[in-house]
Amino acid sequence: MRIAVLGGGPGGLFAAALARTSDPTREVTLFERNRAEDTFGFGVVFSDATLAEIHAADPVLRTALTGHGVHWDPIEVRLHGERLSCGGNGMAAVERRTLLRLLQERAIDAGVDVRFSTEAEPDDLLAAGYDLVVAADGANSRLRNRFADVFGATVETATAKFIWLGTTYPFDGLTFVHERGPHGVFAVHGYPIGNGVSTFIVETDETSWRAAGLDAFDVTQPPGASDERTKDYLQELFAPQIDGAPLLVNNSRWANFRTLRTAAWTHRAGGTGIALLGDAAHTAHFSVGSGTKMAMEDAIALVAALDAHPADVDAALATYAEVRRPQVAKIQDSARPSLSWWEHFGRSHDAMPPWQFAYHFFTRSLPDAKLRRRDAGFVDGVHRAWAAEHGAPPLQSPVEVAGARLPGRVVAVRDGAVVLPGGPLPLLAGPPAAGEAWGLAVSAPDDEAGMPDALAAVARGAAAGAALVAASGGTPLTRRLLCEAARLEHRVPALLVEEADDDVRLTAVLSGRTDLVAAP
């Protein structure tokens, strides 16, 4: 079998090496437009589960990663001078340039014909008689774009801004640092990658970014130039958090994260099969799964499919898509709530005590019970902090709504009204003419494109005197975003109306996403 791999990033190199080591009779050629020593970014993070998969596929690479990487378990959140830690998150990181060097050496040792500084046009590859061409050439894949109507790529662009930097500050493990400066709120994903360097990714909202004057850099400049003004600004802002350590740049410039999905991952063009791999097929926000990690997992799945169907490329491609696409979809589905958290963390930063802010962060994709399995001590501490402030467990804590004191946070909704001790509170689309107490009923949209109208309805209801905002319909994410807007931005009690079990209701209240939850 003759295989061509387009793209010499971690995914392409790993796929090429695995294809050769699992079957040395395969002829594998890799084409990379950049030089071997060219690399952008700083570090790459792997979960323990991913490292186990890499070990099963290639023990030599896993051993090398272990020797050069940095491992940790707890994740730390820093806010308002406090540091809160949650364990059960085994991870490791390595410098990107080290990872690339190890993968290059592994591919060459395996017998891959690696051609750096070589442009390979999609049509030329398809005409060269390869049995399989692997498109590992990134989110702007030329091979995917050559068959755009087949692969059907769609992109969602996040509102949050991010920039990838480094620092000499020695983070102990994955650390999230939050700081309100003179122009707005900024947050850091920091983690050690070895050799005295840590990755330092900063995120913020567009309003803060513009207010700080960080929108002046020309992002149309060729790759390589870094935004030095931003580096200086952030270095001063975070100096107290990182002991005055300098920030480092490497093609560092602001961007908006783009979530890429494709309708198809494979195609046949004449006598050649085509497989998308890594960012060419999908992206997911780096707070859930790094693109490098996902690309290397793709490589493992693709070569396993080739091994299962050594004489049938079409069957191998079908197996690859059947196995891997649902796994990636699950990651992307969990990445969306996480990405949304970063788009809105400013209001939580200002409204919540550190213990609740950290819990709000850790439960953006996990309920209370699953988080407890990771670190029971952290979760117990949050429950104690709630009880100390409210005098009872979350769902049994009293709260006042429309002049009535409720003995707990679970209420019934019946005949278009919330059942309160003093009588029903009608849920309406707008204020009643008679002027009695009322709550706003707002339907959450089925996707985030409809959020502006729904958020405007919440703002109008709050301004008109609604005693409560009840969000129903839509998706779990859109319902929660409406509840958070009501209680954190407009200071109106929120009611989350959905079918949910006690664990989900408990998490929603304890995290500060809502004040009340509806009974089934």
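The values are calculated or read from the model by the stated rules, or taken from the named source; none is laboratory data. Just so it is clear, the structure is predicted and the values come from calculations on it, not from any experiment. Every residue, glycine as well, gets a Cβ built from its backbone with ideal geometry; the counts of neighbours run over all protein chains shown.
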Point to revise | Odd one out for G181, checked against (1) surrounded by fewer than 21 Cβ atoms within 10 Å (Cβ to Cβ); (2) in contact with a Gly (Cβ under 8 Å, 6 or more places away or on another chain) | key: (2)
Review point. Mind checking which residues of segment 1-47 are farther than 28 Å from G190 by Cα, hydrophobic (A, V, I, L, M, F, W, C) and not in a helix (DSSP H, G or I)?
Key: M1, I3, A4, V5, L6, V28, L30, F31
**Study point:** Inter-residue pairs, beta-carbon under 6 Å, first under 12 Å from Y191 (Cβ atoms) and surrounded by fewer than 17 Cβ atoms within 10 Å (Cβ to Cβ) and in segment 67-81, second of a type in the set (A, V, I, L, M) and at pLDDT below 95, 6+ apart
**Key:** H71/A92
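Which ones in segment 48-80 are outside any helix (DSSP H, G or I) and either out of contact with any helix residue (DSSP H, G or I) (no Cβ under 7 Å at 6 or more places or on another chain) or hydrophobic (A, V, I, L, M, F, W, C) (or both)?
So the first thing to find is which residues in segment 48-80 are outside any helix (DSSP H, G or I), and the list is 58, 69-80.
Result: G69, V70, H71, W72, D73, P74, I75, E76, V77, R78, L79.
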Point to revise | One residue from G435, G439, G423 being touching a residue at least 40 places away in the same chain (Cβ under 8 Å) and of a type in the set (G, A, S) | key: G439
Revision key, fill the gap. Restricting segment 472-520 to residues that are among the basic types (K, R) and either touching a strand residue (DSSP E or B) at 6+ places or on another chain (Cβ under 6 Å) or crowded, with 24+ Cβ neighbours inside 10 Å (or both), the one nearest to R460 (Cα to Cα) turns out to be R487
Review point. Could you say which residue among T159, T175, T168 is within 30 Å of T262 (Cα to Cα) and of a type outside the set (A, V, I, L, M, F, W, C)?
Key: T159
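Results for (1) under 24 Å from L18 (Cα atoms); (2) in contact with a Cys (Cβ under 8 Å, 6 or more places away or on another chain); (3) among the hydrophobic types (A, V, I, L, M, F, W, C), shown as yes or no for each residue.
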| site | (1), (2), (3) |
| --- | --- |
| R268 | yes, no, no |
| P310 | yes, no, no |
| D314 | yes, no, no |
| R325 | yes, no, no |
| A335 | no, no, yes |
| L339 | no, no, yes |
| A351 | no, no, yes |
| P354 | no, no, no |
| L371 | no, yes, yes |
Exercise for review: Read through the list (1) buried (at least 19 other Cβ atoms within 10 Å of the Cβ); (2) without any contact (Cβ under 8 Å) to a residue 24 or more places away in the chain, then give the number of the only condition that P192 fails.
Suggested key: (2)
Check your understanding: With respect to T204, is the statement that it is at pLDDT 95 or above and within 28 Å of G90 (Cβ to Cβ) true?
Key -> no
Revision key, fill the gap. In segment 133-170, residues that are more than 25 Å from H344 (Cα to Cα), surrounded by 15 or more Cβ atoms within 10 Å (Cβ to Cβ) and not polar (S, T, N, Q) total 16
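Suppose we keep only residues that are β-branched (V, I, T) and assigned to a strand (DSSP E or B) within segment 83-119. Which one would you say is modelled with the highest pLDDT?
Here the answer is V114.
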Check your understanding: Only one residue in P170, P222 is without any contact (Cβ under 8 Å) to a residue 12 or more places away in the chain, out of contact with any His (no Cβ under 9 Å at 6 or more places or on another chain) and not β-branched (V, I, T), so which one is that?
Key -> P222
Revision key, fill the gap. Of the residues in segment 350-399 that are among the acidic types (D, E) and at pLDDT 95 or above, the one that is nearest to the chain's Cα centre (by Cα) is D368
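In contact with a helix residue (DSSP H, G or I) (Cβ under 6 Å, 6 or more places away or on another chain) and assigned to a helix (DSSP H, G or I): is that true of D232 in this structure?
Details: in contact with a helix residue (DSSP H, G or I) (Cβ under 6 Å, 6 or more places away or on another chain): no; assigned to a helix (DSSP H, G or I): yes.
Spelling it out, it is not the case that D232 is in contact with a helix residue (DSSP H, G or I) (Cβ under 6 Å, 6 or more places away or on another chain) and assigned to a helix (DSSP H, G or I).
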Practice item. Being part of a loop (DSSP other than H, G, I, E, B) and either not small (G, A, S) or not assigned by TED's automatic domain parsing to the domain that holds G7 (or both) is the filter here, so list the residues in segment 249-294 that pass it. Key: V249, N250, N251, R253, W254, W265, L277, H282, T283, H285, F286, V288
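To keep it simple, each residue is scored yes or no on (1) surrounded by fewer than 19 Cβ atoms within 10 Å (Cβ to Cβ); (2) touching a residue at least 40 places away in the same chain (Cβ under 8 Å).
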site	(1), (2)
F40	yes, yes
F46	no, yes
V94	no, yes
L100	no, yes
E105	yes, no
**Study point:** Identity of the residue in segment 307-327, under 16 Å from F151 (Cα atoms) and in contact with a His (Cβ under 9 Å, 6 or more places away or on another chain), that ends up surrounded by the most Cβ atoms within 10 Å (Cβ to Cβ)
**Key:** L317
Study note, to complete from the structure: Taking segment 507-520 and keeping only residues that are more than 13 Å from H360 (Cα to Cα) and in a loop (DSSP other than H, G, I, E, B), one is left with D515, A519, P520
